[in-house]
1. Under 5 Å between amide hydrogens, which residues at least 5 positions from Val29 or on another chain qualify, with H placed 1.01 Å from N in the peptide plane?
2. Given a 1.4 Å probe and the protein chains all in place, what does the accessible area of Val2 round to, in Å² to the nearest 10?
3. What figure, in Å² to the nearest 10, do you get for the accessible area of Glu96 with a 1.4 Å probe and non-protein molecules left out?
4. Out of the trypsin sites (Lys or Arg not before Pro) in segment 3-50, which ones are loop residues according to DSSP with at most 13 other C-beta atoms within 10 Å?
5. Just reorder Leu1, Leu24, Leu13, Leu47 by solvent-accessible area, largest first, 1.4 Å probe, all chains present.
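The values are calculated or read from the model by the stated rules, or taken from the named source; none is laboratory data. Bear in mind the structure is a predicted one, so any value in this text is a computation, not a measurement. Every residue, glycine as well, gets a Cβ built from its backbone with ideal geometry; the counts of neighbours run over all protein chains shown. What goes into the accessible areas is simple: the full protein's heavy atoms, side chains included, and nothing from ligands, DNA or RNA. Shrake-Rupley method; radii C 1.70, N 1.55, O 1.52, S 1.80 Å.
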Amino acid sequence: LVDHTMQWEQMDLALAETPMPEELLNKTVTILCNDCQTKGTAPYHVLGFKCANGECGGYNTRQIMDACANYTLLYRGANYSGLVTAAEEEAAHEEEEEEGETSPQNATNDTTHVTRCD
């Protein structure tokens, strides 16, 4: 076996010095480590994904698909507004409540729940 600690430290530095565009900052991916077989999530980065296992911490990983993800088709009135995850839908609902935009009288958002497998 070869100790890759120095290579992984260099990768850590490279990722830190290569900022991602704002639209990808909060994106995570499901990965599998080819060295220790740990499955986990990692922040998306074009240079690589760090193993979630703290004892490994390597970059010999690959992105794998989640089996399926639940999404919500969100409609505002009659207009399609977007495909959102359950967490995004909840956050939007809380924001609308804080702004006083939701009530039985003015509730115009309809949702359709779907499961998407990538």
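1. Amide H neighbours of Val29, under 5 Å, 5+ apart: Ala42, Tyr44.
2. 110
3. 20
4. Those satisfying the criteria are Lys27.
5. The ordering from most to least exposed comes out as Leu1, Leu13, Leu47, Leu24.
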